Amino acid sequence: MTAAPAAAPAGNWLVRFYGSTIGRKVVMALTGIILVGFITIHMAGNLLVHQGAEAMNAYAEFLKSKPPLLWGTRIVVLLAVLFHAHAAITLSRRAQGARPDRYAGLKAQASTLSARLMRAGGVLLLVFLVFHILHFTTGTVLPSQFVDGEAYQNVVRSFSIAWVTIFYVVAMAALTLHLHHGVWSLFQTLGANHPHFNGARKKLAWLLAIVVPVGFVSVPIAVALGLAR
Ligand code: HEM
């Protein structure tokens, strides 16, 4: 008599799912949704800069006065970034390993270009994020422009330096491309690829790709124009 196979632990299913190509794409889509949600809220909060120092600093103070909210968000965002990047790197390695030469047609070239742009933009955004946290959260990279608890003044002082403003504007341009292609693709991954939805899908991808980065760059631009000082 053969023994019945032992029931697989529930965790195994998740590990196998993440090991599969579709599982990794779903993880990219879901972590992408988390990150889009975070940056949309973050951008809306940053618009308080346009209301002046009191409004912006009170908002930053409010966030710091709620450690479970602050740390919960930090942990979720960090995990989302790590899984998003890991899934992207491993999927792209798999696709490169599997791509047969006979698909070197125009269509494949076009998708390779957008895949390349996603990869290069993703790396730039990752570098931006590390710099950004060392800049505005810990004050490590430009310590002379940073005073803990002075979010508004930190922003104004930093964006008075031309290269900092240029770096942020370039990173937000990369965010436009990344969001446009990313939002469009995540619907595909989650199965919402139907002629009936595709018009709305395209509009949402453009809307997020324009509104979020433009809202973000309005801050350094306001400093450059002397509207925030
Ligand atoms: C022009 C664009 C941006 C500006 C002006 C900006 C501004 C800021 C400021 C002032 C803070 C510190 C807030 C505080 O002291 O309480 C901050 C924190 C942060 N930002 Fe941005 N941000 C920008 C774009 C982004 C983008 C695109 C991302 C995501 C990819 C991002 C992710 C974060 C994160 C993770 C933190 C750390 C929050 C924390 O744990 O304290 N930011 N940002």
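The values are calculated or read from the model by the stated rules, or taken from the named source; none is laboratory data. Since we're looking at a predicted model, the values are computed, not measured. Note that we place each Cβ from the backbone using ideal geometry, even for glycine, and neighbour counts take in every protein chain shown.
Summary of computed values
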{"read-out": "Given (1) under 18 Å from the mean Cα position of the chain (by Cα); (2) modelled with pLDDT of 95 or more; (3) buried (at least 16 other Cβ atoms within 10 Å of the Cβ), index of the condition ALA173 fails", "value": "(3)"}
{"read-out": "Number of positions in the range 131-163 that are among the aliphatic types (A, V, I, L, M) and in contact (Cβ under 8 Å) with a residue 40 or more places away in the chain", "value": "3"}
{"read-out": "Evaluation of VAL214 against (1) surrounded by fewer than 14 Cβ atoms within 10 Å (Cβ to Cβ); (2) at positive phi (one fails), failing number", "value": "(2)"}
{"read-out": "Residue that is farthest from ARG74 (Cα to Cα), among those in the range 114-149 that are part of a helix (DSSP H, G or I) and among the β-branched types (Val, Ile, Thr)", "value": "VAL123"}
{"read-out": "The lone exception for GLY52 - which of (1) among the small types (Gly, Ala, Ser); (2) closer than 21 Å to LEU179 by Cβ; (3) touching a residue at least 24 places away in the same chain (Cβ under 8 Å) it fails", "value": "(2)"}
{"read-out": "Filter result for LEU35 (of a type outside the set (S, T, N, Q) and touching a residue at least 12 places away in the same chain (Cβ under 8 Å))", "value": "yes"}
{"read-out": "Neighbours by Cβ (under 9 Å, 6+ apart or cross-chain): first from the range 56-82, closer than 18 Å to ASP148 by Cα; second in a helix (DSSP H, G or I) and more than 11 Å from the ligand (Cβ to nearest atom)", "value": "MET56/HIS50"}
{"read-out": "Given (1) free of Cβ contacts under 8 Å to residues at least 60 places away in the same chain; (2) surrounded by 13 or more Cβ atoms within 10 Å (Cβ to Cβ); (3) closer than 17 Å to VAL155 by Cβ, number of the condition ASN46 does not satisfy", "value": "(1)"}
{"read-out": "So TRP71, is it at pLDDT 95 or above and aromatic (Phe, Trp, Tyr)", "value": "yes"}
